[in-house]
Amino acid sequence: MAYVKKVNIKGQDYWYLFHTIRQSNKFLKKSRYLGKELPKNLEEIKQEFLNELHAPKEKSEKEKLIESLTPSERKVFPILKEENELSKIAEISRLQQIEVLRALGWLEAKNLIKINKEEKEIINLDKNGLIYLKKGFPEKQFLKLLPNNLENLRKHLNQDEINVSIGKLKRLNAINFKKEITVTDEGNKLLREKSKEELFLKKLPLELLKLNKEDKLIYNELGSRKEIIKTDVKKTIYAGLTDLGKELINHKLKTNLIESLNQEMLLKKSWKNKTFRRFNIQSEIPRIYPGRRHFVNEAINYIRKIWLELGFKEMTGNLVQTSFWNFDALFVPQDHPAREMQDTFFINGKGKLPNSEIVKRVKAVHENGWTTGSSGWNYKWSEEEAKKLVLRTHTTVLSARTIAALRKEELPAKFFSVGKIFRNEAIDWAHLFELHQIEGIIIDESVNFKNLLGYLREYYNKLGIDKVKFRPSYYPYTEMSVDCIAYIPERNKWIELGGAGMFRPEVVKPLLGINVPVLAFGQGLERGILEYYKITDIRELYKNDLKQLREMRLWMK
Amino acid sequence: MPTVNLNRKEVENLIGKKLSLEELKEKITSLGTDLDEITDEEIIVEIFPNRPDLLSEAGLARSLAQLIEHKLGLKRYKTEKSDYKIIIEDSVKQVRPYTVCAVVKNLNLNEARIKEIIQLQEKLHITYGRNRKKVAIGIYPLEKIKFPIRFLAKSPNEIKFQPLDSNNEISANEILEKHSTGKEYGHLLKDAKVYPLFIDANNNILSMPPIINSEKVGRVAEKTKDVFVECSGFDLKVLKKCLNIIVCALADLNGIIYENELTYGNKKEITPNLEPEEMRININYANKILGLDLKENDVKKLLEKMGYGYKDKKVLIPAYRADILHEIDLVEDIAIAYGYDKFTETIPNIATIAKEDKYYEFKEKIIDILIGLNLIEVRNYNLTNKNNLYNKMNLNEQETVSLANSLSQGYDALRSWIIPNLLEILSKNKHNEYPQNIFEIGNIFKKGNSETGVIEQERLAIAVCHNKADFTQIKQILDSLFSSLDLKYDIKEIEHNSFISGRAGRVSLNGKNIAYIGEIHPSVLENWNLEVPVSALELNLTDLFGIIYPK
């Protein structure tokens, strides 16, 4: 505990803070001058004083740097004092060149060295060069075989070599052509001495840039002959110490740093009194991927949760439906364009109609309005048309079935579903033939149009869309009919997100038996989530590219 | 929904009051139409199918003038008496039994107005007329016609006249085979033994509905002042509405409407009838549905803004409105006139208990385990094709639920299993990192005994794909799934052409088959251009749910 004490120096009082700390086995008394008066924020100063004393001693940057060297760096770095070329370093360190190179890379990243690369052209012996170095050049062999005739010579040398030898030896006046070929005095001299070319070959390898004038001529001449010499490019890597490197090169490098902690060390407590090598925690790591939900399903689950929070029951049902449930029960007349081949997927075959009472009512409501007070559509309703099978064009079919199965005693009731729907469209950047619809109904004697708009507003707010407008629309099964349009700031545009309305009496009464207000909505899913996922082509939602699925951001609304 | 391009000047003139661009935009939208664009010349707008009366400059202007309270309330249209007679002969009964007709005089036509009228006629054909099937409309210059007109049907072999846009007389059959309009609508007379005709007292053919008018007496020109209008079809009520829409629009262009006398055998009928229909409105009902507290006067005013008349709780419905079936339709128009944006949005105070679908809840639990096993969820379409389902899987084609009509190539059948979809995904992801371990939960479809003759099942399919993917790994996944569900399963070896023999099995629970599992046969992999091994399983989740949660 720190304490305050007054100290009298030359008749003046001064206030001090004192605290005793223990360092290894010694006790040290630390103090801080406070002033002639006790400061008001004494408690604060006390705390600060204690914090400073007890804070672990910051290691110096250099110390940290040294502790961060990997084992191979620690091997390589001291060698740089004597030697700076890669292959030599590898030799001395007994590491593979690739390991040394990696270590040099790390050292460079730590600003201890600078790597320089040099490319040299090195002249080496080629296939024939190796042979001639042992046996002598063909012209020398030729001379040795003289005097002789061509026929004999051909047994020892090939035609190329003979041609070159004759050409060369003639130029040097080293041979005579008579009946047979003989050696001249010049030739004898050549026989005795080593030729310039032979001496050149002996000196190889040589660096091309460092040749003297004379050697350059020989190099050119030999280069034009077949496979005597070759020129290889040799890359040499040098490591030069930076200023920081020079400063640290003489430091003693710790050798007993712990590379990785393991079970054995923990059991034997061998980690005690050792230092862990410091890692570069900012370095890049290979990325790993978790198992993931499909991102569209993440959005769907979020939306399902919204409706569950609002007290709705979930509806489910088949994707294949009879036209009766998909259209007729929803008061869509049988000659409505939506029931034509170009809009809806029809399935080969026919289905069965439900119990005859509901069919009778639906037939009557289409033909003359039944007891709903409506005039109906005034046409002859066909059972056969109603039996046609479709891939459901909306999840409103689930609402119709739910109402048909509902008993009056179960009111008030709210239902929702998020399900697939189908449209017979050619697929392109803006159109899919399989989409999702978010469907819901609220059934109660007390609900009204204001409540419909209220639910829709609440839903969009929960989705994070705050600018929503409602405008009149038309659906054969709702009256009022509403379109919801939302402002999408990313596109600076209002887009249509779905329809809603109140089911017509011609829908509700035949299914439920009584006419009760039913608020209904059918909102699209796909268009509303494109912005979030930064997708412009709607097909991207279901292209199943695994990179996209692995890396897609989570749904966070 | 039909889009019409309306002449903006004409609409503004007909409204009779200048509106700013913003006002015009707002009012058009609040009327319940979908505005595409307004340029200096044009108003491009989508008209909802319940309002065919808005498909013309005249119709839209009329409604806007009422909505902005410039010309509030019911607009009355007068009809003049006349001697124009139409005789409908029995022969049309079998092909196109009804027509209704009118004469409109005193039209001041020009090129633009002829365009307007033709557009109205064409859009009515497409929408209300269901592409001329339900209603075909003919408009003729009156001066070329001698009354009475007969509506009759003749054998095609006896019919010959010069159709519009043709240089000479051709036979009815030639019209259907060669004339562009004939080719487009000829199917409407398919199988008909006789074709309907309008013929005047000079024995000139006016037209052959629903196909085409005659060039000689059936072309309206700029100098035309008076026209004869007919609608033919199968439903008198529908035809009358359609005729009303046209003659009211023509009357708005200064036309004077003359009645026609129709003779059906010994029955006579006078058309058009532009008297408004009456419907009672219960103000309490309207208030209850809308959640408003409107007084009778408010309701009257709102109805008048939508072009209705109101007297003693009775609403007078203009003769051109074709969409008023029920009192609720009036309530909607009250709401539109009130303005959707003026309603206070509220959540009702009714208590209900939320309930997640039990199967969905179960599915989510399964998915949790799969994610923990580091699998990636994929999503495919239900639509596919038989080549993918069978040929590429080394299987013989099986009975499959297929579509009668598909616009998208390669998507004409509903999938009967999911593994082919997974292989397709793997074949498209060869450029991506391995391992590629994926799963999908989705529907499959089979023929069977049900309401629709189709049995739908939800299945879980899993595919693991990497250099060491084998039977053990896929079985480990199955095993960890079933052990999490605390279920004991059996595996029986089976022969299945999609899998390697000796490495394929059928999984069952208490003797009930529930899944198959195996290493995909290399020749199947070859069919999908895959060079990495795949092992897979497909599990019937619907049945598994039924086993865990028996009803």
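Remarks
- Note that the stretch B:389-473 shows a convex hull volume over its alpha carbon atoms of 132 Å³ per residue.
- The lysine pair count for the stretch A:3-56, using Cα distances under 17 Å and pairs eight or more places apart or on different chains, is 14.
- The alpha-carbon of A:LYS469 sits under 13 angstrom from the alpha-carbons of these aspartates and glutamates, leaving out residues fewer than 8 places away in its chain: A:GLU458, A:ASP483, A:GLU496, B:GLU26, B:ASP341, B:GLU345.
- Excluding same-chain neighbours fewer than eight residues apart, the lysines reachable from B:LYS9 by a Cα-Cα span under 18 Å are B:LYS17, B:LYS18, B:LYS25, B:LYS27, B:LYS115.
- Among the GluC sites (Glu not before Pro) within the stretch A:14-63, those in coil by DSSP and having at most 12 neighbouring Cβ atoms inside 10 Å are A:GLU37, A:GLU58.
- Convex hull volume per residue, computed on the Cα atoms of the stretch A:296-545, equals 126 Å³.
- Cubic angstrom per residue, convex hull over Cα atoms of the stretch A:262-303: 183
- Put a dot 7 Å past the Cα of A:ASP537, heading toward its Cβ, do the same for B:SER450, and the two dots end up 3.4 nm apart.
- Between the exposed loop cleavage positions of chain B, defined as GluC sites (Glu not before Pro) in a non-H, G, I, E, B DSSP state with at most 13 neighbouring beta-carbon atoms within 10 angstrom, the longest gap is B:223-396.
- A:GLN342/B:ALA192 FRET efficiency (R0 30 Å; Cβ-Cβ; nearest 0.05): 0.80
- Using the Cα coordinates of the stretch A:25-77, the gyration tensor eigenvalues translate into equivalent-ellipsoid semi-axes of 41, 13, 9 Å, sorted from longest to shortest.
- The calculated FRET efficiency for B:GLN94 paired with A:THR316, based on their beta-carbon distance and R0 = 51 Å, is about 0.60.
- Using a cut-off of 20 Å between Cα atoms, the listed pairs A:LYS350/A:LYS509; B:LYS386/B:LYS447; B:LYS81/B:LYS305; B:LYS241/B:LYS288 include A:LYS350/A:LYS509; B:LYS81/B:LYS305; B:LYS241/B:LYS288 as exceeding that distance.
- MRE, 222 nm, helices only [DSSP H, n ≥ 4, -39500 (n - 2.57), over chain B, to nearest 500]: -8500 deg cm²/dmol
- Euclidean distance of C-alpha centroids, the stretch A:1-57 and the stretch A:66-88, integer Å: 47
- For B:LEU14, the shell of other residues with beta-carbons less than 13 Å away shows a net charge of +3, using +1 for Lys and Arg and -1 for Asp and Glu.
- Computed with the Debye formula from one identical point scatterer per Cα of chain A, without solvent, the log10 of I(q)/I(0) at q = 0.08, 0.10 Å⁻¹ comes to -0.81, -0.94.
- Three-way shape call for the stretch B:79-271 based on the alpha-carbon gyration tensor, with the a/c threshold at 1.5: rounded
- Net charge of neighbours whose Cβ lies under 9 Å from the Cβ of A:PRO412, counting Lys and Arg as +1 and Asp and Glu as -1: -2
- Computed over the Cα atoms of the protein assembly as shown, the ratio of the radius of gyration to the Kirkwood radius (Rg/Rh) comes to 1.19.
- For chain B, DSSP calls about 90 percent of its internal beta bridges antiparallel.
- Straight-line cross-link reach from B:LYS363 at under 18 Å between alpha-carbon atoms covers these aspartates and glutamates, not counting any fewer than eight positions away in the same chain: A:GLU298, A:GLU314, B:GLU377, B:GLU440, B:GLU456, B:GLU458, B:ASP479, B:ASP486, B:GLU538, B:ASP543.
- Placing a label point 7 Å from the Cα of A:ALA430 along the Cα-to-Cβ direction, the residues of the stretch B:1-27 with a backbone N closer than 19 Å are B:1-5.
- By DSSP, the beta bridges lying fully in the stretch B:358-548 are antiparallel in about 95 percent of cases.
- Local net charge near B:LYS240, Cβ-Cβ under 14 Å (Lys/Arg +1, Asp/Glu -1): -3
- Angle in degrees between helix B:236-252 and the longest Cα principal axis of chain B, rounded to the nearest 10: 60
- Restricting the stretch A:398-444 to trypsin sites (Lys or Arg not before Pro) that sit in a DSSP loop and have at most 15 other Cβ atoms within 10 Å of their own Cβ leaves A:ARG407.
- Of the GluC sites (Glu not before Pro) in the stretch A:290-392, those whose Cβ has at most 15 other Cβ within 10 Å and which sit in DSSP loop: A:GLU340
- Taking a point 7 Å out from the Cα of A:GLU43 in the direction of its Cβ, the residues of the stretch A:2-30 whose backbone N falls within less than 18 Å of it are A:2-4.
Just so you know, all these numbers are worked out from the coordinates, no wet-lab data involved. All values reported here derive from a predicted model rather than from experimental measurement. Here the Cβ is made from the backbone with ideal geometry for all residues, glycine too, and neighbour counts use every protein chain on show.
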